[in-house]
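What follows is a set of notes on a single structure, which appears directly below.
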Amino acid sequence: MKRHSVKRISVINICICVVLGLYALSLFSILGWAVLTSLKSTLDFNDMRNVLGLPDGKLSASEIKLGNYLDIISKFELKTASKNYISSIWGEIVRQKLKVGFFGMLFNSLLYAGVGNLLYTFVSMLMG
Amino acid sequence: MSMISASKTHKNEKKYVSRNTMKRNRLLFYIGMTAIPLIQFALFFIYVKFNSILMAFREYDLTNNGYVISFAGFENFSWAWKTFINGKTMVGRSLIVYAFDLFVVLGFALLFSYYIAKKQFGAGFFRVILFLPQVVPGIVFASLYEFLVTDVYKVLNPSALSGLLTPPTEANTQFIVLLIFHVWIGFGTNVLMLTSSMSAINESVVEAAKLDGVNTVQEFIYIYIPMIFPTFVTFIIVGMSGIFTNQMHMYSFYSDAGTGEGYPSVFGYYFYAKTRTADYYGVDVTYSQLSALGLLFTAILMPIVLTARKLLNKYGPSAD
């Protein structure tokens, strides 16, 4: 005769599961709120005080079509440093300001996270 | 005959040479491998610590010819001691943060890790979720939380003069808001390490205990806790040694501005923010004074940490 094993579920495990579920909900809700806010215009969010609601179709028309994301990718830049170089036409020293954009930063982050962590792990392994 | 013996000797020599080459290559490999961590240790630990000690006894003055370094005696230590004594509120808050780390974060992390290690319902999913605050940059969560406790709070409470993280909101209220954030995103590493330790426990030990009739609570207290106790002790000791350097994510919220009046500073943040704005001379807090403060923290914490470690290892539960 085939035996059916019944898995005992303890009250403690149920309690932990509920707490973990609430914790997951708190993380997802704040990330969800961030996504929702990213689809709103400044007028919609700040001036109309639409902090928690869905984006307004008229006020956030372009933002709903991922306008904020496109802005970040195309307009985001950070002045990092300046360098001098000798102009090939006039032969004079020209001061050029260096900038890093979205993809430059993304590359730097990946380089730091990837190569940096590889080195860190390698050195830790050697020490360990 | 002599030709044969000569060839044999040559072969032996060759073997001998190749063994020597192998030995030398192994030694070179060993030196090459250990050089990186040793250089790193020498540069970023020994040199930094040694320089901190030297700096704590130095005073820098600017003249027309550049810096002039003079022996400051215990002047910097006197400043450090006064700062420590006057910063009782900061000491208290730093201790509260550690208490929360120990009892709330580590306590819950233990329960969560047990749940995940026992592969209960949704264990894999919760494991990822608990580590999510480490995957998503901390500044992202800090910014979102800041929006919630400032903008959203002001919308929900229009009569409020400010958000919950800036004066005129009371410093203690700000501290509680920060503490909630600190606990909220603080489970990741603890859960990951504790789950790994719990997963390494031999299943036959747990099975044997079950046959003896232990329930879930007994299994957790008498099997899991003693088995992972070395990992547990590591967390306690690391947390304890970082009491005065734990900045509770305050820099993400306040940048350098949180050391002023009306802000809920802790020593870890004070130390960090002041180091950022410090210089050798001509500022309210110099590198030399901060070096002395760091040494003072070490002098206070070192005996406590060493005693706690000894006591925990001696009287704590053991796997036997």
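List of remarks:
- Among residues of region A:55-68 that are within 7 Å of A:D44 (Cβ to Cβ), those with a Cβ under 6 angstrom from a residue that is in a loop (DSSP other than H, G, I, E, B), sequence gap 6+ or separate chain, pair up as A:P55/A:L39; A:P55/A:K40; A:L59/A:S41; A:S60/A:K40; A:S60/A:S41.
Conditions (1) among the polar types (S, T, N, Q); (2) in contact with a Phe, Trp or Tyr (Cβ under 9 Å, 6 or more places away or on another chain); (3) in contact (Cβ under 8 Å) with a residue 12 or more places away in the chain, marked per residue:
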position: B:F147; (1), (2), (3): no, yes, no
position: B:Y153; (1), (2), (3): no, no, no
position: B:G163; (1), (2), (3): no, yes, yes
position: B:Q174; (1), (2), (3): yes, yes, yes
position: B:H182; (1), (2), (3): no, yes, yes
position: B:V191; (1), (2), (3): no, yes, yes
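- Boolean, A:L22 is more than 8 Å from every other protein chain (Cβ to nearest Cβ), aliphatic (A, V, I, L, M) and surrounded by fewer than 16 Cβ atoms within 10 Å (Cβ to Cβ): yes
- Restricting attention to region B:273-319, the residues that are more than 18 Å from B:F244 (Cα to Cα) and without any contact (Cβ under 8 Å) to a residue 12 or more places away in the chain add up to 7.
- Of the criteria (1) under 25 Å from the mean Cα position of the chain (by Cα); (2) in contact (Cβ under 8 Å) with a residue 40 or more places away in the chain, which one B:W79 fails: (1)
- Top-ranked residue in region A:56-71 [being in a loop (DSSP other than H, G, I, E, B) and under 20 Å from the mean Cα position of the chain (by Cα); ranked as farthest from B:L148 (Cα to Cα)]: A:K65
- At least 2 residues being within 14 Å of chain A (Cβ to nearest Cβ) and within 28 Å of B:Y98 (Cβ to Cβ) is the threshold, and among the helices (runs of 4 or more DSSP H) wholly inside region B:153-248 those reaching it are B:171-184, B:188-199.
Per-residue answers, yes or no, for (1) surrounded by 14 or more Cβ atoms within 10 Å (Cβ to Cβ); (2) in a loop (DSSP other than H, G, I, E, B):
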position: B:S265; (1), (2): yes, yes
position: B:K274; (1), (2): yes, no
position: B:L293; (1), (2): yes, no
position: B:A299; (1), (2): no, no
position: B:P303; (1), (2): no, no
position: B:K310; (1), (2): no, no
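- Across region B:105-126, the number of residues qualifying as assigned to a helix (DSSP H, G or I) and either within 11 Å of chain A (Cβ to nearest Cβ) or under 20 Å from the mean Cα position of the chain (by Cα) (or both) comes to 15.
- Residue satisfying all of: in region A:31-49; facing another protein chain (nearest Cβ under 8 Å) and surrounded by fewer than 18 Cβ atoms within 10 Å (Cβ to Cβ); nearest to B:G107 (Cα to Cα) among these: A:L31
Each reported figure results from applying straightforward, stated rules to the coordinates on display, with no laboratory input. Only a predicted model underlies this, so the values are computations on that prediction, with no experimental measurement involved. No Cβ is skipped: glycine too gets one built from the backbone with ideal geometry, and neighbour counts run over all protein chains shown.
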